[in-house]
1. In percent, what relative contact order does the chain have, based on Cα pairs under 8 Å that are 6 or more apart in sequence?
2. Over the alpha carbons of segment 46-107, what is the largest minus smallest coordinate on each principal axis, giving the biggest first in Å?
3. Could you name the lysines in cross-link range of residue 233, using Cα to Cα under 26 Å and dropping any fewer than eight places away on the same chain?
4. Relative contact order for segment 122-198: what percent, with Cα pairs under 8 Å and sequence separation of 6 or more?
5. Please express the Cα-Cα pair-distance distribution P(r) of the chain as a list of whole percents, one per 10 Å bin, running from 0 to the bin with the greatest distance.
6. Read phi for every residue in segment 62-75 and hand back ³J(HN,Hα) as whole Hz from Karplus 6.51 cos²θ - 1.76 cosθ + 1.60, θ = phi - 60°, with x for Gly and Pro.
7. Once the piece of chain linking residue 144 and residue 340 is laid out straight, how much longer is it, given 0.36 nm per residue of separation minus the C-alpha distance between them?
8. Show which lysines lie in cross-link reach of residue 342 when reach means a straight Cα distance below 25 angstrom and same-chain residues fewer than eight apart are skipped.
Amino acid sequence: MHKKLLYSIARIGDLSSLIAARLANAAKVRNLREELARALEAPAESFRAHFHNVEHHKAHMASAFLVSGFDRAAILSIDGFGDFVSTMWGVGEGNRIEVLGQIEYPHSAGIVYTATSQYLGFPKYGDEGKVMGLAPYGNPRFLEQFRDIVQTEPEGRFKLNLNYFRHHSEGVEMTWDDGSPTIGRIFSHKFVETFGPARYNGNPLGEHEQDIAASLQARLEEVGFHVLNHLHKQTGSRRLALAGGVAFNSVMNGKILLHTPFEEIYVQPAAGDAGTALGVCYWIENVLLQRPRTFIMGHAYTGPEYRNGQIERVVNGSGLKHRLLEDAQLPRVAAQAIADGKIVGWFQGRMEFGPRALGNRSIVVDPRRQEMKDILNARIKKREPFRPFAPSILEERVADYFEQTHPAPSMLMVYQIKPEKRAAIPAVTHVDGSGRLQTVSRDANPLYYDLIREFDRITGIPVVLNTSFNEDEPIVCTPDQAMDCFQRTRMDVLFLGNYMVER
């Protein structure tokens with residue numbers, strides 16, 4: 001009894017410290033004027049701008065709905081945590097966003113996914129996507145255990161069985177290194193008692209880990225659809241705007257139209273916390289100031305752009321063989337290189353906003369070649385073999401290859417590839433017959449569209465394999481970074497603006 005009392009006091013102390021730290025951070029955020037003044041070494045009274053505090057999930061909701069082009073839509077923001085809330089849903093109409101419900105700390109679907117990813121030996125920030133890719137290899141034989149871990153409640157709510165976690169009682173360490181957080185262990189001893197010893201990164205993956213990943217993914221989908229079906233019942237809307245870190249779960253996203261009454265979906269291209277900056281701006285512009293909504297984010301190509309004059313210096317300085325192509329030549333020559341089996345670096349136009357390379361900072365190869373997945377990993381990407389690569393497809397040809405046709409311009413939907421088409425594009429067909437597709441329209445990206453169209457003309461296949469232009473680093477942004485990556489890796493040819501660079 002004495003030991004239990006001491007343990008309880010220790011837990012209360014840990015929790016008090018955690019809450020105190022969060023409140024101190026909240027107080028710091030409330031004094032942004034003073035923080036900015038201190039950083040700029042200027043008097044606070046010299047700043048004439050008005051400062052607005054927008055809650056985390058309201059910023060997520062605004063980042064999706066206010067730029068979606070929908071006049072009215074249901075809205076869901078779902079992630080780990082922000083401002084002591086993990087999930088918020090509501091309805092948007094015109095310039096108004098009404099919150100209809102939320103899930104508060106310590107309950108979170110995002111926390112479950114992160115904790116399980118850690119347990120499976122994927123501890124890095126963003127590794128949840130690896131677990132999503134692993135899930136199709138397994139069977140969800142631990143689904144009942146995950147139903148105990150995450151329990152649904154009436155009116156779209158859910159709660160965690162907190163015995164499986166330590167974030168609420170002991171706190172979780174978080175440190176920052178080069179802009180990326182390192183998160184301490186979230187799962188508890190109860191998690192280990194239930195599933196066995198945790199896998200440490202680098203140890204072999206087996207059936208046990210695959211089945212846990214499959215069970216986790218299946219339960220996330222059940223919980224997500226539980227929330228969404230209630231949201232539809234509340235709003236009656238056929239349209240959905242979706243944001244938050246869990247909105248990067250493209251497998252769940254791709255099943256929403258199959259398991260809920262929604263008919264149209266807009267997923268914010270930068271659905272994670274990076275997108276909240278956009279949401280805050282439009283919350284202030286449209287909700288607080290009531291200015292008309294004029295911007296529709298129909299594509300993610302909003303980043304820096306570099307002209308041929310700027311690129312010429314980089315190309316000349318490389319010492320590599322190169323030539324300047326006419327505009328009309330560029331997609332034809334590049335498509336032929338892809339059809340010939342070459343690994344093509346494709347650096348064009350404005351960089352994409354969000355984590356996905358969508359045809360402007362991409363490595364593009366032939367999806368007809370089964371071996372391309374292994375070649376890419378061996379020569380450039382160094383990714384785990386269970387992780388799939390994505391297909392980019394002409395928007396008007398989606399029905400020929402996929403079992404669903406709703407546009408997916410930001411590569412945030414996974415659909416089943418039609419069985420009769422899987423052999424035609426094996427390099428982008430996952431183990432379960434699915435593909436995380438990017439639909440490409442002429443309006444959104446005419447040059448990338450023309451590249452795929454030319455590949456279709458040559459091969460009869462309106463699909464290319466698209467992966468991000470990088471090697472275990474952030475996606476390249478500048479011509480210098482693209483050239484550096486090209487020279488460090490074993491890409492065959494680089495199309496840098498109108499310049500074709502070869503070894």
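1. On the way: 951 pairs, mean separation 78.2, N = 503.
Here the relative contact order equals 16 percent.
2. 41, 33, 15
3. Once the sequence-local lysines are set aside, what remains near residue 233 is 58, 159, 255.
4. Numbers: 61 pairs, mean separation 18.7, N = 77.
For segment 122-198, the relative contact order is 24 percent.
5. 4, 18, 27, 26, 17, 7, 1, 0, 0
6. With the stated coefficients, segment 62-75 comes to 5, 5, 8, 5, 5, 10, 6, x, 7, 6, 9, 6, 6, 10 Hz.
7. On the way: separation 196, 0.36 × 196 = 70.56 nm, distance 4.89 nm.
In short, 65.7 nm is gained.
8. Candidates past the 8-residue exclusion: 321, 373, 381, 382, 421.
The values are calculated or read from the model by the stated rules, or taken from the named source; none is laboratory data. Since this is a predicted model, take the numbers as computed values, not measurements. Cβ sites come from the backbone with ideal geometry, for glycine too, and all protein chains shown count toward neighbours. Side chains are part of the model used for accessible areas, which takes the heavy atoms of the whole protein and leaves out ligands, DNA and RNA. Shrake-Rupley method; radii C 1.70, N 1.55, O 1.52, S 1.80 Å.
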